[in-house]
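Below you'll find the structure, written out as structure tokens, and then a few comments.
The values are calculated or read from the model by the stated rules, or taken from the named source; none is laboratory data. No experiment lies behind these values; they were computed from the predicted model shown. Cβ sites come from the backbone with ideal geometry, for glycine too, and all protein chains shown count toward neighbours. SASA here: full protein model, heavy atoms, side chains in, ligands and nucleic acids out. Shrake-Rupley method; radii C 1.70, N 1.55, O 1.52, S 1.80 Å.
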Amino acid sequence: MAEKENWFTMRIVVIGDGKVGYILTKLLAQEGHDVVVIDRNPLVLRDAQEKLDVAVLTGNGACAEVQREAGVPDSDLLIAATSSDEVNLLCSLIAHKLGCRHIVARVRNPEYDQQMSLLKADLGLSFTINPEKSAASEIFRLLQFPQFLKRDSFAGGRAEMVEIKLPKDSRFIGRRIDQISDMLKRRALICVVDRGGKIFIPSGQFTIFSEDKLTIMAATAELPDLIRRFGVPTKTVQKVMIVGGSRTAAYLAKQLLAARVEVTILERSYERCEELFELLPEATIINGDGTMQSLLLDEGVEEMDAVISLTGMDEENLLVSMFANYIGVPKTITKINRLEYTDVLSNIGVDTLVSPKLLTANEIVRYVRAVGESGQDSVETLYRIGEGKAEGLGFTVPQTGAFLGVPLERLPIRKGILLASIVRNQQVIIPRGSDCMMPSDAVIVVAGPEQTIARLTDIFTDNEGRAL
């Protein structure tokens, strides 16, 4: 894949070339950064070097000499992404002592996660992320509106970008985007269409087909009405079955129980069941193999509003979700590690896919863009649409700029970029050509895969069509 057009380049050292490290390295290399990967295993490093064209170094990333050899003292960013929290924290401390400007660490242990506010300064950490906790929060948000395949928040939660699949009898099928906008009274904007894995940022003349997946921007308060207008069946989630008692399951169950949702967890390890029973006394904990249809049926899977598959095996998670879909469970969410087959899986009875590793990588990439172009107009939120084939980005409009107060129809916005929403004084505006950006507005931009947008001003071109 060709590298994206880029206006800023950072020297980045990634320690750990496991699944998270590999995904992260791939995304950063595609954005044109100078990446060095450190890992003990020369075989996985050779794979990264050949496929991603990045520099590699075999060694212990928690060793100061290895970090010096990788150029950490002169690097803009170090990312500690090994499978061990303790190693990641030690790597961070050493990088801090060596003078690395920014340090990011993956921290998974709930006990460490609770102490991050105390540890950050001493360890020199700029940013930490907990993949399981992020995945649980993502799943919980999806369960609040189970009709959505994906759901992302912007502007402090006041605006949402959601993905839906239209019913086959929807009144919007066969309509143009501009006609649908009029029918919705311009309270929402269709900003991306996924048609069989091909992504479109549609113009007003684009026609919607059956089986299209639509990514829609709207005010959060408008979501219930939006579901009704699109004719998507509604159902509140009151009973949830979680297969697999992982850390993600525990984080998710806590949020669900706090929201008064009934939770049943199936876990094959008796010792883990005892831990979950102590941690989640209000949940129903079942010791057994949740991939067995007989156990699922005995424990009332047919009565569930949602089934969440969170075992450590992709194959098991997919089988559970496909069976739940087959017997009519309204909502299924499947955790996956391997991302190669997501387009195929979405067409064979798998509802919503969640990847903790991809969530982690995406959040770190957002941070990289923000620090790489530090300033009041740098990216604040970033979500990938259609498995990374488009992006939704959130910005705060700066206090100065030649574009302020100028109608959008008169601004030189780059091809393949859509300004999807303006949030001003708590009000979400679906913009027309006559609208304009004002200081302190929160704006949401949708960009195609060929561009890297790090600042709000990156959406504009000069008179010759080049980025400003």
Those residues of the range 186-235 which are touching a helix residue (DSSP H, G or I) at 6+ places or on another chain (Cβ under 9 Å) and assigned to a loop (DSSP other than H, G, I, E, B), in sequence order: Arg187, Gly196, Gly197, Pro202, Ser203, Gly204, Gln205, Phe206, Ile208, Val232, Pro233, Thr234
Please specify each residue of the range 147-169 satisfying the condition of being among the aliphatic types (A, V, I, L, M) and part of a helix (DSSP H, G or I). Ala155
Consider Gln114 against the criteria (1) in contact (Cβ under 8 Å) with a residue 60 or more places away in the chain; (2) among the polar types (S, T, N, Q); (3) open to solvent by 30 Å² or more (accessible area, probe 1.4 Å): it satisfies all of them except one. Which criterion is unmet? (1)
Hits in the range 238-259 (condition: open to solvent by 10 Å² or more (accessible area, probe 1.4 Å), farther than 23 Å from Asp298 by Cβ and not small (Gly, Ala, Ser)): Arg247, Tyr251, Lys254, Gln255
Among the residues of the range 30-51, the number that are modelled with pLDDT of 90 or more and within 30 Å of Gly416 (Cβ to Cβ) is 3
Take Ala218 and tell me if it is of a type in the set (A, V, I, L, M) and surrounded by fewer than 18 Cβ atoms within 10 Å (Cβ to Cβ). no
If I filter the range 176-195 for residues that are touching a Gly at 6+ places or on another chain (Cβ under 6 Å), in contact (Cβ under 8 Å) with a residue 40 or more places away in the chain and either closer than 26 Å to Glu363 by Cα or surrounded by fewer than 21 Cβ atoms within 10 Å (Cβ to Cβ) (or both), do I get at least one hit? yes
Can you tell me how many residues in the range 382-413 are basic (Lys, Arg) and at pLDDT below 90? 2
I'm trying to understand the selection: among the residues of the range 27-48, which are surrounded by 16 or more Cβ atoms within 10 Å (Cβ to Cβ), without any contact (Cβ under 8 Å) to a residue 60 or more places away in the chain and farther than 16 Å from Val104 by Cα? Ala29, Gln30, Asp34, Asp39, Val44, Leu45, Ala48
Return the pairs, sorted by first residue and then second, in which the second residue is open to solvent by 30 Å² or more (accessible area, probe 1.4 Å) and assigned to a loop (DSSP other than H, G, I, E, B), the first residue lies in the range 257-285 and is without any contact (Cβ under 8 Å) to a residue 60 or more places away in the chain, the beta carbons are less than 6 Å apart, and the residues are 6+ apart or on different chains. Leu257/Glu282; Arg268/Asp289
For the range 224-253 the number of residues that are within 23 Å of Asn337 (Cα to Cα) and charged (D, E, K, R) is 1
For the range 85-116, give me the residue count where each residue is under 19 Å from Glu363 (Cα atoms) and of a type in the set (Ser, Thr, Tyr). 1
Strands (runs of 3 or more DSSP E) (entirely within the range 45-146) containing at least 1 residues that are closer than 30 Å to Gly157 by Cβ, among the hydroxyl-bearing types (Ser, Thr, Tyr) and in contact with a helix residue (DSSP H, G or I) (Cβ under 7 Å, 6 or more places away or on another chain): 127-129
Restricting to the range 35-61, give me the number of residues that are within 17 Å of Ala81 (Cα to Cα) and under 28 Å from the mean Cα position of the chain (by Cα). 12
On the basis of being farther than 23 Å from Glu132 by Cα, open to solvent by 30 Å² or more (accessible area, probe 1.4 Å) and in contact with a Lys or Arg (Cβ under 6 Å, 6 or more places away or on another chain), does Asp74 make the cut? no
Of the listed residues (Ala80, Ala95), the one being surrounded by 18 or more Cβ atoms within 10 Å (Cβ to Cβ), modelled with pLDDT of 90 or more and under 26 Å from the mean Cα position of the chain (by Cα) is Ala80
What are the residues in the range 198-215 that are open to solvent by less than 40 Å² (accessible area, probe 1.4 Å) and either within 27 Å of Gln427 (Cα to Cα) or of a type in the set (Phe, Trp, Tyr) (or both), if any? Pro202, Gly204, Phe206, Lys213, Leu214, Thr215
